[in-house]
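Right, one structure below, let's go through it.
The values are calculated or read from the model by the stated rules, or taken from the named source; none is laboratory data. It should be emphasised that the depicted structure is a prediction, and the values quoted were computed from it without experimental measurement. Cβ atoms come from the backbone with ideal geometry, glycine included; neighbour counts cover every protein chain shown.
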Amino acid sequence: MPRKVNVISTCFNEELIQGATQEDNLHRAMNMLDAFTELKPDLICFPEVFLVTGGDHHHETSDELTQQTYHVLSKQAERLNSYIIASVHERIEGKKYVVAWLFDREGKLAGRYLKHHPTDGEMKQDGVTPGAEIPVFETDFGKVGIAICYDIGYPNLWHSLKLKGAELVVWPSAYDGGFPLEAHAWLNSYYVVSSVRTNHSKIIDKTGKILASTSKWGGWITKTIDLDKQIFHIDNQYDKLLEIQGRLGSKVTIESFSQENIFTMESNDQEWPLARIQEVFKLETYKEYHMRSENVQHAKRKADV
């Protein structure tokens with residue numbers, strides 16, 4: 001059946017809240033979560049080390065405030081019946097890390113990601129230690145990866161998340177990120193959700209298309225995405241699109257991309273999951289098309305030797 005996920009991402013419009021204390025930022029996050037109640041989110045995302053937004057970025061967060069933040073986020077995840085991803089500075093076994101917590105719908109810690117690629121300044125000035133693992137986390141809607149800020153510059157990390165099965169990658173950050181996020185989404189064929197301390201948090205489609213973005217004046221976005229959405233090459237399949245739309249109507253959503261020669265398809269009906277649509281109409285995914293072509297290429301090369 002379709003796997004529709006209602007995602008909310010936030011930005012903290014840093015330049016508008018200069019001088020905010022860490023307690024102010026925690027209060028702001030709680031106000032946001034209260035406002036999201038009726039939206040029934042499956043996943044809510046907050047920026048990198050959001051407690052220090054607008055204040056002294058090198059200021060230490062007390063262990064007491066870190067624990068308070070942990071407990072209030074846990075309670076809100078349970079209250080909202082939603083997963084929450086939020087990033088903080090956290091000391092683990094005496095070492096300081098940039099951490100992203102993943103809380104599940106019951107408010108339990110479902111995972112913790114330690115920033116793999118901190119900047120030179122973070123390590124020298126803030127004493128941040130690089131993380132060692134690149135995990136992918138199981139949720140009740142799919143597999144989620146996390147990358148943080150400067151991780152954006154390391155394509156191997158993003159590809160590793162793909163190889164481990166990530167279907168959606170959340171990127172808490174101190175800045176907007178821009179085009180590289182769209183490239184990572186396209187090259188790895190998964191959704192990317194950014195949550196930034198600046199202005200432009202985004203929800204990015206598997207095709208690299210920006211589906212939603214915050215602005216200087218709007219500190220959150222909400223979008224329902226379908227993790228089962230597939231990308232197809234147009235070759236040998238163009239004539240099937242009108243037939244599928246005519247037969248299934250609103251049960252299916254089709255979007256074509258003429259410059260890229262692809263189209264995407266997602267199901268809106270439990271009786272017509274995408275796997276059934278592919279079988280009935282004999283559709284070949286973008287990945288399958290390329291694999292078939294590669295097999296013919298290899299066979300041709302071998303025959304010509």
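Quick look at the numbers
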item: Count - residues of the range 113-131 that are touching a strand residue (DSSP E or B) at 6+ places or on another chain (Cβ under 6 Å), free of Cβ contacts under 8 Å to residues at least 24 places away in the same chain and either of a type in the set (D, E, K, R) or on the phi > 0 side of the Ramachandran plot (or both); result: 0
item: Unique residue being touching a Phe, Trp or Tyr at 6+ places or on another chain (Cβ under 9 Å) and either small (G, A, S) or over 26 Å from E78 (Cβ atoms) (or both) when the list is S9, S62; result: S9
item: Test: residue in the range 157-166 that is buried (at least 23 other Cβ atoms within 10 Å of the Cβ) and touching a strand residue (DSSP E or B) at 6+ places or on another chain (Cβ under 6 Å); result: yes
item: Residue tally, condition more than 17 Å from V99 (Cα to Cα) and buried (at least 16 other Cβ atoms within 10 Å of the Cβ), over the range 30-59; result: 8
item: Near pairs, Cβ below 8 angstrom, 6+ apart or cross-chain, from the range 132-148 (assigned to a loop (DSSP other than H, G, I, E, B)) to any residue that is surrounded by fewer than 16 Cβ atoms within 10 Å (Cβ to Cβ); result: I134/K164; P135/K164
item: First in the range 244-269 and of a type in the set (D, E, K, R), second anywhere and outside any strand (DSSP E or B) and modelled with pLDDT under 95, Cβ under 9 Å, 6 or more apart; result: E266/P2; D269/M1; D269/P2
item: Within the range 263-287, tally of residues that are of a type outside the set (F, W, Y) and touching a helix residue (DSSP H, G or I) at 6+ places or on another chain (Cβ under 6 Å); result: 3
item: Residues of the range 209-258 classified as part of a loop (DSSP other than H, G, I, E, B) and within 14 Å of L274 (Cα to Cα), total; result: 3
item: Among residues of the range 52-100, those that are in contact with a His (Cβ under 8 Å, 6 or more places away or on another chain) and outside any loop (DSSP other than H, G, I, E, B), counted; result: 6
item: In the range 235-261, residue surrounded by the fewest Cβ atoms within 10 Å (Cβ to Cβ) [restricted to those that are within 27 Å of the chain's Cα centre (by Cα) and of a type in the set (A, V, I, L, M)]; result: I254
item: Tabulated pairs, the range 5-16, first outside any strand (DSSP E or B) and at pLDDT 95 or above, second buried (at least 23 other Cβ atoms within 10 Å of the Cβ) and not hydroxyl-bearing (S, T, Y), C-beta under 8 angstrom, 6+ apart or interchain; result: C11/P47; C11/V196; C11/R197
item: Residues within the range 60-90 that are modelled with pLDDT under 95 and surrounded by 13 or more Cβ atoms within 10 Å (Cβ to Cβ), tallied; result: 2
item: In the range 167-190, residue surrounded by the fewest Cβ atoms within 10 Å (Cβ to Cβ) [restricted to those that are outside any helix (DSSP H, G or I) and free of Cβ contacts under 8 Å to residues at least 60 places away in the same chain]; result: G178
item: Selection within the range 168-208 - more than 12 Å from the chain's Cα centre (by Cα) and among the charged types (D, E, K, R); result: D176, R197
item: Verdict on G142 being out of contact with any Pro (no Cβ under 7 Å at 6 or more places or on another chain) and either among the hydrophobic types (A, V, I, L, M, F, W, C) or more than 15 Å from S9 (Cβ to Cβ) (or both); result: yes
item: Of the criteria (1) crowded, with 19+ Cβ neighbours inside 10 Å; (2) free of Cβ contacts under 8 Å to residues at least 60 places away in the same chain; (3) within 30 Å of A29 (Cβ to Cβ), which one I203 fails; result: (2)
